[in-house]
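Right, one structure below, let's go through it.
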Amino acid sequence: MTKRTAEAQRTQAENGLGPAVAHLVEPMLAGMTTTRQHLLAWVHAHGLAALDELFREEAVALAGPKGRHQLQRTHHHWGTATTELTFGGRRVRVRRPRVRPTIGGEATLPSVAAFRDRDPLTARMMQQLLAGVSTRHYEGSLEARLSGRPSRGSSKSAVSRAVVRRTRQRLQEHLARRLDGLEVMALFMDGVVVAQQTAIVVLGVTRDGGKVPLGLRLGSTENAVVCTELLQDLLARGLALEGRALWVIDGGKGLRKALGDVFGDAAVIQRCQLHKARNLDALVPQARQAYVRTSLRRAYRASNAAAARRQLTALATWLERNGHTDAAASMREGLEETLTVLKLGLPPTLRRFFATTNCIENLIGTVRHVTRNIKRWRDGDMRRRWIGLGLLRAAERFRRIKRHQELGILLTALGAPNPAERAA
């Protein structure tokens, strides 16, 4: 308790306000809770009544009114049966009319088929888990149970089974799908450590400025073997890169070697300028970090690659003369690849976007957020499912990149024809 809070409580007690306020608030809170419970009960009751009426109308539409003779009858009323539908985040058992065709078999009511195809229960579970609710506490996060209606599907085990099944299905649909026909012109590649294991992620930028997660591979580190396997998998799934493509990486040697081995000269590499600045910060004294950062910023904002190269070379020489030989070596290492966006002559907005790995770093941040509450990792399959879920969660919030209308300049710089030229 802070000093200010203690003084406020002491003042209220001296003025006789503390107990009086509590006495007034407690009935109001109790009334709000009771009102909410009654409102939920009313919604549940009227919702189920409407559902029963919908079932009856659909049964009449198929088999006609009960007790009336019909010469052209195609279906018969056949009593009732129990079915399970999603209601309030649970599987609730309700009675529905049975309808059978005259030729035999069982007819499914349209509303029942629609409820089953939509599968709102799994969607509700995924929404709760992404919001930070654990499988153990899923039941407690739901509204009160329907009185007099048996329900299931909200226990820890049931939620876990449903989530495992759904995440595997979504990964197969999105991260193992064919990539034929996907027009990708630039790609980001980076790694994230989850539960002491590295996941390599590839994010593609399409011709219309959209961002699409393309692949995922787990490994011990960002080594060249794992990265090569991931890139070869993208090609095996039909990824077609016409001519050269821009690859933005953080400067990891494994990523760089894999790109050279798989794509050769067709991979135009842009090293992240922010990672280069961070590496230099770690190698120079704190008193000189501001000067180094300012010099880097000025160089990367130069009007052309030649001017930026002169300024960076001068900075490396200055570092070497002042005894920071390791920082100078780091400055010279990969210097040309940090200037790729300048060499391509991109407009300012696209230059800033492709000069760093911020785009894929945001995606990785979503992965960390999604996996933050997991305390026990069982195996690699569990890691892959949850990392993939984080990628898909991030993809749902993606927007097209700014000034995507100018991507034709990048296509021209890479040597790929514009869509209008191809059509001609």
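The values are calculated or read from the model by the stated rules, or taken from the named source; none is laboratory data. Small disclaimer: the values here were computed from a predicted structure and weren't measured. With ideal geometry, Cβ positions are generated from the backbone for all residues, glycine too; neighbour counts draw on all protein chains shown. Accessible surface is based on the protein model in full, side chains and every heavy atom, while ligands, DNA and RNA are left aside. Shrake-Rupley method; radii C 1.70, N 1.55, O 1.52, S 1.80 Å.
Please find, within the stretch 317-358, the residue that is least open to solvent (accessible area, probe 1.4 Å) out of those that are of a type in the set (Ser, Thr, Tyr) and free of Cβ contacts under 8 Å to residues at least 40 places away in the same chain.
The initial filter retains those residues of the stretch 317-358 that are of a type in the set (Ser, Thr, Tyr), namely 317, 325, 330, 338, 340, 349, 356-357.
Those left that are additionally free of Cβ contacts under 8 Å to residues at least 40 places away in the same chain: 317, 325.
Details: Thr317: 44, Thr325: 82 Å².
Among them, the one singled out is Thr317.
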For this session: Please specify each residue of the stretch 359-401 satisfying the condition of being part of a helix (DSSP H, G or I), closer than 30 Å to Thr338 by Cα and open to solvent by 70 Å² or more (accessible area, probe 1.4 Å).
Result: Asn362, Arg368, His369
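Would you point out which residue out of Gly16, Gly64, Gly89, Gly79 is exposed (fewer than 12 other Cβ atoms within 10 Å of the Cβ) and either among the aromatic types (Phe, Trp, Tyr) or modelled with pLDDT of 60 or more (or both)? Please lay out each step first, then the result.
Working: Gly16 fails: either among the aromatic types (Phe, Trp, Tyr) or modelled with pLDDT of 60 or more (or both); Gly64 fails: exposed (fewer than 12 other Cβ atoms within 10 Å of the Cβ); Gly89 fails: exposed (fewer than 12 other Cβ atoms within 10 Å of the Cβ).
Result: Gly79 is the single residue among Gly16, Gly64, Gly89, Gly79 that is exposed (fewer than 12 other Cβ atoms within 10 Å of the Cβ) and either among the aromatic types (Phe, Trp, Tyr) or modelled with pLDDT of 60 or more (or both).
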For this session: Residues being crowded, with 19+ Cβ neighbours inside 10 Å and part of a helix (DSSP H, G or I): count how many of those fall in the stretch 257-272.
Result: 2
Exercise. Which of the residues spanning the stretch 234-256 are surrounded by fewer than 17 Cβ atoms within 10 Å (Cβ to Cβ) and out of contact with any helix residue (DSSP H, G or I) (no Cβ under 8 Å at 6 or more places or on another chain)?
Worked result: Ala236, Arg237, Gly238, Ala240, Glu242
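Okay, residues lined up against (1) at pLDDT below 90; (2) more than 22 Å from Glu396 (Cα to Cα):
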position: Ala199; (1), (2): no, no
position: Val212; (1), (2): no, no
position: Arg217; (1), (2): no, no
position: Thr221; (1), (2): yes, yes
position: Cys227; (1), (2): no, yes
position: Ala245; (1), (2): no, yes
position: Gly251; (1), (2): yes, yes
For this session: Please state which one of Arg145, Arg100 is more than 25 Å from the chain's Cα centre (by Cα) and at pLDDT 85 or above.
Result: Arg100
For this session: Please give the number of the condition Arg301 fails out of (1) free of Cβ contacts under 8 Å to residues at least 12 places away in the same chain; (2) open to solvent by 70 Å² or more (accessible area, probe 1.4 Å); (3) farther than 20 Å from Leu346 by Cα.
Result: (3)
Exercise. In the list Leu187, Leu231, Leu214, which residue meets the criterion of being buried (at least 21 other Cβ atoms within 10 Å of the Cβ), within 23 Å of the chain's Cα centre (by Cα), touching a residue at least 24 places away in the same chain (Cβ under 8 Å) and part of a helix (DSSP H, G or I)?
Worked result: Leu231
For this session: Working only within the stretch 152-172, note down all residues that are touching a residue at least 60 places away in the same chain (Cβ under 8 Å), surrounded by 14 or more Cβ atoms within 10 Å (Cβ to Cβ) and part of a helix (DSSP H, G or I).
Result: Thr167, Arg168, Arg170, Leu171
